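These notes are about the structure you will find just below.
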Amino acid sequence: MKKTRTLAISDIHGCAEQLKRLLVRCGFDAQRDQLVLLGDYVDRGPRSRQAVALVRRLVRESGAIALQGNHDRRFVRVIQGRAHPEELRKFFEKGGAEAIGSYLGKEYRSKIVPERVDEYRARILSCCEEHIRFLEHLPYYYEDDRFIYVHAGLNPDIRDWRQQSVMDYLFIREAFYKHPVKAGKTVVFGHTKAIELHDTPDVWFGGDKIGIDGGCSYGYQLNALEIVDGAVTQVYVEPATRASPQTAGRSSQ
Ligand SMILES: [Mn+2]
């Protein structure tokens, strides 16, 4: 059966609960919907392990497309012991400890230190090597008739964007979003938070590109872009935190 609706979601960053709720909010139906996840499943948020497990299941059982993000790549390289000192430093600077804590469990959480990374690597490889292999082999882009989906963006200086470097796919920022790409299709991307593009975490529509990273792990939101018949029809928004419980009925004292 041909899928009639596409849903694109990016930068989950350990926000596994919000992803689950967002899929319910969209009425996600694997028979009808092509889910496209734009990468960065790990780091920063509290549940990287659960996020990767859920994404793997969506790929396996629901035909979802999951792209690789720069955080996924770095996590793989750190856990496989292939990260350069500079990458290792950035990993711990940008939320890597939260990912390790999520994989190792309660007794480790909040006491992750860079000096013990080899011990963490060994433990994660022994419990969860399949997760690492899954993240390692994710593709860098997906496209349909009207849209190109990518984690960070496309380099406008490369005549055939498919020839661009892995670093462009995963890391590019201003050189992409400040310039027309002329790829003949609209580019749907994450990586750069929408709030940095237009002062709100809502989806950014910028001519030949659409930025969907709602900054969930920073306390903003997770966005789902809905596409039907080659056109954006709707955006679903899952807040990072649920509205605080009603205080009505409490004594005003
Ligand atoms: Mn990213």
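What follows is calculated from the coordinates using simple rules that are stated; it is not laboratory data. These numbers were taken from a predicted model, which means no experiment stands behind them. Note that we place each Cβ from the backbone using ideal geometry, even for glycine, and neighbour counts take in every protein chain shown.
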Taking region 55-97, which residues are more than 15 Å from the ligand (Cβ to nearest atom), buried (at least 18 other Cβ atoms within 10 Å of the Cβ), assigned to a helix (DSSP H, G or I) and not β-branched (V, I, T)?
L58, A97
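Condition check ((1) closer than 19 Å to Y103 by Cβ; (2) assigned to a helix (DSSP H, G or I); (3) among the aromatic types (F, W, Y)) across all residues:
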| position | (1), (2), (3) |
| --- | --- |
| T6 | no, no, no |
| H13 | yes, no, no |
| R21 | no, yes, no |
| R25 | no, yes, no |
| Q31 | no, no, no |
| Q34 | no, no, no |
| G45 | yes, no, no |
| A53 | yes, yes, no |
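Has region 192-200 got any residue that is exposed (fewer than 12 other Cβ atoms within 10 Å of the Cβ), away from the ligand (no atom under 16 Å from the Cβ), among the acidic types (D, E) and at positive phi? Show your work before the answer.
Let us first name the residues in region 192-200 that are exposed (fewer than 12 other Cβ atoms within 10 Å of the Cβ), namely 199.
Within this subset, residues satisfying the condition of being away from the ligand (no atom under 16 Å from the Cβ) are 199.
Cutting the leftovers down to among the acidic types (D, E) gives us 199.
With the extra rule that they be at positive phi, the set shrinks to 199.
Checking region 192-200: at least one residue is exposed (fewer than 12 other Cβ atoms within 10 Å of the Cβ), away from the ligand (no atom under 16 Å from the Cβ), among the acidic types (D, E) and at positive phi.
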Condition first: in a loop (DSSP other than H, G, I, E, B) and more than 15 Å from A194 (Cα to Cα). Now tell me which residues in region 140-164 satisfy that.
Y140, D144, D145, R146, L154, N155, P156, D157, I158, R159, D160, Q164
One residue is enough: does region 165-172 have a residue meeting the conditions part of a helix (DSSP H, G or I) and exposed (fewer than 13 other Cβ atoms within 10 Å of the Cβ)?
yes
Out of region 126-159, which residues are without any contact (Cβ under 8 Å) to a residue 40 or more places away in the chain, of a type in the set (A, V, I, L, M) and more than 13 Å from T186 (Cβ to Cβ)?
I158
Turns out the strands (runs of 3 or more DSSP E) fully within region 195-247 with at least 3 residues that are over 15 Å from the mean Cα position of the chain (by Cα), β-branched (V, I, T) and farther than 19 Å from Y41 by Cα are 231-239
What are the residues in region 39-54 that are of a type outside the set (A, V, I, L, M, F, W, C), out of contact with any strand residue (DSSP E or B) (no Cβ under 8 Å at 6 or more places or on another chain) and within 16 Å of the ligand (Cβ to nearest atom), if any?
D40, D43, R44, G45, S48
